[in-house]
Amino acid sequence: MESSSGYQNLTETVDRKISNTFTAKRQAQDFEMSNVTVVPDETYTVAQAVDAFGFGKFQVKLSLFTGLCWMADSMETTILSILSPTLHYEWQITLFQEALVTTIVFLGMMLSLPFWGSFSDKFGRKPALTLCSVLLFYFGILSSMSPNYTWLLILRGLVGFAIGCSPQSVTLYAEFLPCKQRAKCVVLLDCFWALGACFEVLLALIVMPTLGWKWLLVLSTAPLLGFACVCPVIKHWLPESARYLVASGQTDKAIDTLKKVAHDNGKPMLLGRLVVDDIVLEEKNGRFTDLLLPQLRVTSILLWFIWLVCAFCYYGIVLMSTGLFESGNNNRICSANLDGDIFKTVQTCTAESHYLTTHDYIDLLWTTLAEFPGIFATIYVIDRFGRKITLVFQFTMFAINLIFLFQFAKNSRVLLTITLFFARGIIAGVFQAVYVYTPEIYPTPLRTIGVGTCSAMARLGAMVTPYIAQVLLKSSFTTSIIIYITAALLAAIASSLLPINNERNVKEYTEKD
């Protein structure tokens with residue numbers, strides 16, 4: 001593992017490329033405004049303007065619309081845990097086919113990442129989000145009309161392709177956030193993710209017993225339709241990224257957007273000439289091979305594994321919860337009896353599958369609500385004990401929590417729900433912690449490619465987990481739980497090997513940039 005000093009040398013080497021032309025401008029970044037602010041060299045960047053305007057009414061309004069997009073993403077992924085067992089019962093599909101419905105969505109998301117990244121860089125964040133919402137709405141409606149399993153796979157794969165654009169909403173949001181509030185605000189934005197998951201379960205509770213899964217797919221597209229309709233109408237509430245506008249040569253539009261930010265936040269507009277941030281230009285030079293430089297190689301590999309396990313465990317708990325509640329209705333959990341042929345055991349074990357009951361949906365809602373305390377607890381812990389310790393502690397607690405499933409899954413529905421509640425809250429918190437840590441660990445020119453690669457690894461983990469949480473769980477409960485416990489403990493070890501000590505915080509990193 002590389003040393004902390006080795007990482008510091010790399011950061012200094014990369015940052016030195018831009019420091020000669022940018023240091024003078026950065027010295028004027030932190031200043032207070034009285035009536036009118038003038039930058040000494042009569043130029044300013046978008047980052048300087050956003051920091052000067054601070055966090056205010058504009059960011060609050062923007063968070064509502066970007067949060068709506070994030071909420072829609074959550075609903076389309078949460079619905080997988082409800083849709084799969086229903087299709088297994090109605091269409092008599094095998095458990096491997098049931099798992100493939102989930103896998104195909106995440107495969108579409110992973111394959112779409114380069115497309116949406118290129119599209120948003122060329123045409124802007126707002127057009128990308130608008131197109132994403134239209135496609136999600138369109139393919140979501142078509143999914144409800146699927147005549148057979150094959151068509152459902154194709155259409156859900158296209159839904160996954162459209163969902164791949166949703167991280168652009170976080171990018172747009174972050175580009176209007178002052179440096180000091182950026183980390184906390186991005187984490188708090190994930191409350192919309194938790195809200196979307198809870199709303200989807202509530203919608204299923206109301207719709208599934210009467211109208212069925214097809215109407216659930218239709219009604220789940222409501223936030224997407226609202227987002228697509230609002231985008232062209234309320235321009236000031238969801239503006240194009242000023243950073244994108246100035247980088248693409250649309251300086252006048254960027255200035256108009258910044259004036260709107262200043263007006264909403266009650267701050268005067270900066271005087272001087274708006275220029276392109278040198279860091280924006282430098283970021284485009286980041287390459288995948290740079291992540292494997294000697295000073296960063298081990299760090300990158302550790303982060304890829306941690307992100308993979310995060311998604312593997314998070315979506316595993318989501319899918320597992322539905323399976324355990326459904327199995328609980330039969331008053332039995334399948335034991336570890338593979339007999340050398342997992343296919344035969346799966347079919348025997350799932351012969352009594354049926355619709356989820358009202359009681360199942362209520363318990364599922366309780367476990368989903370765990371994401372809210374998980375997010376807020378992580379914000380509290382991460383600021384006091386650091387990113388690294390938080391990751392190690394949460395992964396370890398998640399593994400310990402899963403051990404209780406061996407006893408409670410068979411004997412007590414209440415204790416099973418409580419255990420799953422804590423497990424989901426903890427793993428949701430892990431995701432927030434790793435989201436905060438990863439951008440900080442990479443130098444500015446490698447930040448975009450670094451986070452994007454980690455996100456791709458998370459998709460891979462999400463693609464694999466249905467075969468453990470939905471297939472193996474029904475044939476060998478013990479084996480499937482041991483796999484998740486082992487993965488979490490290995491991720492805890494990987495987190496302990498990360499190079500940055502917990503006392504290094506966001507402010508120190510942003511000051512170095």
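What follows is calculated from the coordinates using simple rules that are stated; it is not laboratory data. In this text, all values refer to a predicted model and were calculated from it rather than measured experimentally. Counting neighbours? That spans all protein chains shown, and the Cβs are built from the backbone with ideal geometry, glycine included.
Extension gain, residue 440-residue 111: 0.36 nm per intervening residue step, less the Cα-Cα distance, totals 115.9 nm. Label reach from residue 150 (point 7 Å along Cα→C-beta): in segment 104-131, amide nitrogens under 18 Å belong to 104.
What FRET efficiency would be calculated for the residue pair residue 141, residue 57, taking the C-beta separation as r and a Förster radius of 35 Å, to the nearest 0.05? For residue 141 and residue 57, the calculated efficiency is 0.50.
Simple point charges give the picture: +1 on the Cβ of Lys and Arg, -1 on the Cβ of Asp and Glu, and for segment 73-134 a dipole about the Cα centre of about 340 debye.
Annotation: extensible slack from residue 380 through residue 407 equals 6.6 nm (criterion: 0.36 nm per residue apart, minus Cα-Cα distance).
Amide H contacts for residue 274 (H built 1.01 Å from N in the peptide plane; partners 5 or more residues away or on another chain; cut-off under 5 Å): 44.
With one equal scatterer per alpha carbon and no solvent term, the Debye-computed log10 I(q)/I(0) for segment 48-179 at 0.10, 0.11, 0.13, 0.21 1/Å reads -0.39, -0.46, -0.60, -1.17. Each of residue 64 and residue 256 was given a label point 7 Å from its Cα along the Cα-to-Cβ line. The distance between the two points is 2.3 nm. In a fully extended conformation the segment linking residue 96 and residue 496 would gain 140.5 nm over its present Cα-Cα distance, using 0.36 nm per residue.
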